[in-house]
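First the structure, in the form of structure tokens, and then the observations on it.
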Amino acid sequence: MTPITQRLSSIRKLDRKTTAQILRVSAHMLSLYALALLLFDYSRNNLGADPVREILLRTGEPALVLLILSLAVTPLTLLFGWKQLHPLRRIFGLYAFLYVALHLLTFIWLDYGLNLAYILDGILEQNFVLVGFAAFVLLLPLAITSNKWSQRKLGKKWKTLHKLVYIIIMLALIHFWWLVKNVYYMPFLYSAMVTVLLLLRWQPVKQKALRFQRWYRSR
Amino acid sequence: MLIKKRTGIEIPSSEITPQHLYLSRRQFMAGAAMATTAGLLAACGAGGSPEEANTAPVNSGNGGTAVSATTDELGDPLNTYDEITNYNNYYEFNTTKDGPARLAKDFPTAPWQVEVGGMVKNPKTYAMEDLLKFDQEERIYRLRCVEAWSMVIPWVGFPLAKLLNEVEPTADAKYVRFETIYDPDNMPGQRGRMFPWPYVEGLTVEEAMQDLTILSTGLYGETLLPQNGAPIRLVVPWKYGFKSIKAIVKIELVDYMPTSLWMESAPTEYGFYANVNPEVNHPRWSQATERRIGELGRRPTLLFNGYAEQVAHLYPDPKYDTNLKPRGS
């Protein structure tokens with residue numbers, strides 16, 4: 001290798017590192033945006049006449065969006081070969097858990113006032129809450145095992161365990177469908193996105209996606 | 001506007017808590033949310049009883065202070081003018097809570113006419129001016145939304161019975177059918193095809209003649225704002241809020257059970273009677289508790305929204321509803 005190509009490759013390497021760094025920081029900022037805005041509006045007393053509902057909506061929807069984003073990473077890698085995106089799965093997934101936890105905390109604390117009888121009625125008598133709660137419970141082990149140590153420790157089982165995310169996203173969508181009052185634009189939109197992201201994981205479609213990637217990279 | 005002061009249930013003014021004892025619950029909310037964990041727990045535990053909030057005067061927001069009492073007959077504080085005029089379900093404008101206040105700003109409410117007809121002896125089209133000639137009274141009512149939130153609102157209006165007595169329903173009239181204006185130019189929500197506009201609601205003649213049932217033209221002593229159903233709307237406090245149809249242009253006495261907009265668009269979820277009942281769940285959510293706007297925590301929902309004494313006799317079976325199933329059945 002000539003000195004000049006050596007230098008070029010080291011620049012490219014540095015560049016890759018910087019890209020990864022930029023991607024990571026952007027993912028954190030994107031994930032925290034909704035929470036920052038919520039806190040800002042709260043501090044300005046700008047959450048409207050029913051702040052509890054507002055906080056519920058503004059922790060619930062970001063949770064769903066972040067779950068979808070974490071599910072979007074693999075298909076994007078498949079389509080465009082952007083391997084640098086891979087670490088974002090964990091970042092988005094963990095932030096999704098953060099928002100779900102805040103959502104649940106708002107429900108049991110601000111909405112139901114930590115009144116156990118009301119909370120039990122609220123969960124057991126309302127299917128949409130039951131489904132949402134189930135999603136939280138399933139998300140819990142994924143959040144706990146979202147680290148290199150667990151990944152090593154669990155080996156192959158880790159991958160199987162994290163397939164739970166497909167059940168979780170379904171529960172989250174059902175939760176949304178069941179709670180809206182006859183105006184279904186948003187649940188439809190999110191369901192359509194998830195459908196596309198899941199389809200891209202299905203072998204026949206996956207093959208086509210890989211062919212697309214080869215074409216895309218060879219341009 | 002000359003207003004006779006009257007609440008749903010008469011209480012001597014001596015029993016009404018002085019105004020200065022009540023705190024704006026918005027302030028309370030902000031305070032509580034910033035308090036320590038222990039403080040918050042205490043504030044939430046009881047599901048928001050009024051004693052928690054006894055330190056500062058009522059702040060009814062911009063305007064709207066002409067009320068005779070600061071609580072309903074159960075001792076729960078009125079919601080602020082600001083809350084009542086900025087948190088609305090009014091799908092004719094849009095489906096958000098704060099949208100109607102914004103989008104209804106220029107909604108034309110004058111001139112306005114209400115056509116009263118059908119099975120009556122004296123059909124008549126009333127100009128708004130004629131309707132304001134009925135003695136306008138203050139009625140402090142709880143409003144319980146089917147979405148499980150509630151408010152206490154000092155309405156101004158007159159009993160529907162007075163209007164019906166003037167037009168004299170015939171013996172064959174069994175139901176009253178109400179219709180909202182169809183005005184897609186000024187109601188952006190009506191341009192969508194999501195719902196079979198215009199909004200329709202109905203009551204039995206007995207329900208319509210009940211003294212609690214009013215046509216409202218104002219609140220907090222002020223003329224009704226468009227987002228609250230101006231210039232004239234129905235208020236039926238023992239039924240879920242959606243029964244209290246807004247911006248009425250037509251009242252018709254009929255011999256069939258009217259199909260309301262919600263019965264038509266979601267027949268498995270909304271029935272004709274729609275009486276507030278903690279024992280009868282909405283098919284998808286519980287009606288056992290409710291969140292009073294401005295409070296943290298929840299309070300138990302009362303049968304007939306706390307008006308059982310006045311209306312229970314109309315319903316021999318308290319689980320009365322055509323479509324909503326009692327819980328556990």
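The values are calculated or read from the model by the stated rules, or taken from the named source; none is laboratory data. In this text the structure is predicted, and so the values were computed from the model without any measurement. Cβ placement follows ideal geometry from the backbone for every residue including glycine, while neighbour counts extend to all protein chains displayed.
Among the residues that make up region B:101-119, is at least one of them more than 14 Å from chain A (Cβ to nearest Cβ) and of a type in the set (Ser, Thr, Tyr)? Checking region B:101-119: at least one residue is more than 14 Å from chain A (Cβ to nearest Cβ) and of a type in the set (Ser, Thr, Tyr).
Among the residues of region A:197-219, those that are assigned to a helix (DSSP H, G or I) and in contact (Cβ under 8 Å) with a residue 24 or more places away in the chain comprise A:Leu197, A:Leu198, A:Lys206, A:Ala209, A:Leu210, A:Phe212, A:Gln213, A:Tyr216, A:Arg217. Number of residues in region B:239-261 that are of a type in the set (S, T, N, Q) and surrounded by 21 or more Cβ atoms within 10 Å (Cβ to Cβ) equals 2.
If you take the residues of region A:69-93 that are out of contact with any Leu (no Cβ under 7 Å at 6 or more places or on another chain) and β-branched (Val, Ile, Thr), which of them is surrounded by the fewest Cβ atoms within 10 Å (Cβ to Cβ)? Selected residue: A:Thr74. Would you please name the residue that is farthest from A:Pro51 (Cα to Cα), looking only at residues in region A:103-145 that are hydroxyl-bearing (Ser, Thr, Tyr) and within 24 Å of the chain's Cα centre (by Cα)? Here the answer is A:Thr145. If only residues of region B:262-310 that are assigned to a loop (DSSP other than H, G, I, E, B) and basic (Lys, Arg) are counted, the one that is surrounded by the most Cβ atoms within 10 Å (Cβ to Cβ) is B:Arg298.
Annotation: B:Glu168 fulfils all but one of (1) touching a His at 6+ places or on another chain (Cβ under 8 Å); (2) more than 14 Å from chain A (Cβ to nearest Cβ); (3) of a type outside the set (Lys, Arg); the unmet one is (1).
Count of region A:21-59 residues, restricted to those that are hydrophobic (A, V, I, L, M, F, W, C), more than 27 Å from A:Gly113 (Cα to Cα) and crowded, with 16+ Cβ neighbours inside 10 Å, is 3. Restricted to helices (runs of 4 or more DSSP H) entirely inside region B:77-150, those with at least 2 residues that are within 30 Å of B:Arg284 (Cα to Cα) are B:81-86, B:99-103.
Results for (1) surrounded by fewer than 13 Cβ atoms within 10 Å (Cβ to Cβ); (2) within 12 Å of chain B (Cβ to nearest Cβ); (3) at pLDDT 95 or above; (4) more than 18 Å from B:Ser286 (Cα to Cα), shown as yes or no for each residue.
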position: A:His103; (1), (2), (3), (4): no, no, yes, yes
position: A:Ile108; (1), (2), (3), (4): no, yes, yes, no
position: A:Tyr112; (1), (2), (3), (4): no, yes, yes, no
position: A:Phe136; (1), (2), (3), (4): no, no, yes, yes
position: A:Pro141; (1), (2), (3), (4): no, no, yes, yes
position: A:Lys159; (1), (2), (3), (4): yes, no, no, yes
position: A:Ile174; (1), (2), (3), (4): no, yes, yes, no
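Scanning region B:203-233 for residues that are of a type in the set (Ser, Thr, Tyr) and more than 26 Å from B:Pro169 (Cα to Cα) gives B:Tyr220, B:Thr223.
Taken residue by residue, region B:169-177 has at least one member that is within 29 Å of B:Ala110 (Cβ to Cβ) and surrounded by fewer than 23 Cβ atoms within 10 Å (Cβ to Cβ). Please give the helices (runs of 4 or more DSSP H) falling wholly within region A:142-186 in which 2 or more residues are closer than 25 Å to A:Leu200 by Cβ and in contact (Cβ under 8 Å) with a residue 60 or more places away in the chain. In region A:142-186, A:164-179 are the helices (runs of 4 or more DSSP H) which contain 2 or more residues that are closer than 25 Å to A:Leu200 by Cβ and in contact (Cβ under 8 Å) with a residue 60 or more places away in the chain.
A:Leu189 meets all of the listed conditions (1) exposed (fewer than 13 other Cβ atoms within 10 Å of the Cβ); (2) in contact (Cβ under 8 Å) with a residue 12 or more places away in the chain; (3) not polar (S, T, N, Q) but one, namely (2). Total residues in region B:197-223 satisfying the condition of being in a loop (DSSP other than H, G, I, E, B) and either among the aromatic types (Phe, Trp, Tyr) or buried (at least 23 other Cβ atoms within 10 Å of the Cβ) (or both): the figure is 4. Within the set B:Glu137, B:Glu115, B:Glu129, the sole residue that is surrounded by fewer than 20 Cβ atoms within 10 Å (Cβ to Cβ) and either at pLDDT below 95 or in contact with a Ser or Thr (Cβ under 6 Å, 6 or more places away or on another chain) (or both) turns out to be B:Glu115. Number of residues in region A:114-133 that are among the aromatic types (Phe, Trp, Tyr) and touching a residue at least 40 places away in the same chain (Cβ under 8 Å) equals 1.
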